[in-house]
Amino acid sequence: MSNTDNAATPATPAIRTGARLRSQVCTTEVIVVRPPAGGVDLTCGGRPMVAIDAEVREGLAPETELAGGALLGKRYTLAADDTFEVLVTKAGAGTLADGGEPLVVKEAKALPASD
């Protein structure tokens, strides 16, 4: 693999609490609220998320099936394991996913009635 290949696909940073990541294919930016218990291949629009300050190639677009968008201010988690959580700090056109499995919007917990 040549140095230009490495520059074209930045390495995915460690996913730890407080890590700020951005998409390579759209304007989506997230912050990790809770890191995964196991491994997660965090992608947006079908490409790995990169560090907020990483340089990315121009002209990349989300894959058609992963272009559902990420909503500003929403928390996303894995469908099968809600211990992993990211907060969208800048919306974009790409779908957040674990590899090809889209993340889901985390639902707010219902407050108990105060009758």
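Derivation of every value follows stated rules applied to the coordinates shown; laboratory data play no part. If you're wondering where the values come from, they're calculated on a predicted model, not measured in any experiment. Here the Cβ is made from the backbone with ideal geometry for all residues, glycine too, and neighbour counts use every protein chain on show.
Things worth noting here:
- Debye, to nearest 20: dipole size of region 3-105, +1 on Lys, Arg Cβ, -1 on Asp, Glu Cβ: 360 debye
- By the count of neighbouring beta-carbon atoms within 10 Å, fewest first, CYS44, CYS26 end up ordered CYS26, CYS44.
- For the chain, calculated [θ]222 nm from helices alone, where every DSSP H run of n ≥ 4 adds -39500 (n - 2.57): -1000 deg cm²/dmol
- Per-residue ³J(HN,Hα) for region 76-91, Karplus 6.51 cos²θ - 1.76 cosθ + 1.60, θ = phi - 60°, Hz, x for Gly and Pro: 10, 9, 6, 4, 8, 8, 8, 6, 8, 8, 10, 10, 7, 9, 8, 5
- Per-peptide average of other Cβ atoms within 10 Å, ordering 34-43, 102-111 highest first: 34-43, 102-111
- Among GLU63, GLU58, sorting on how many other beta-carbon atoms sit within 10 Å of each Cβ, with the fewest leading, yields GLU58, GLU63.
- Length gained on full extension, ALA108 to GLU63: 13.3 nm, using 0.36 nm per residue less the C-alpha separation.
- Cα Rg, Dmax, the chain, angstrom units: 14.9, 67
- Computed extension gain for GLU55 through ASP82, at 0.36 nm per residue and net of the alpha carbon distance, reaches 6.7 nm.
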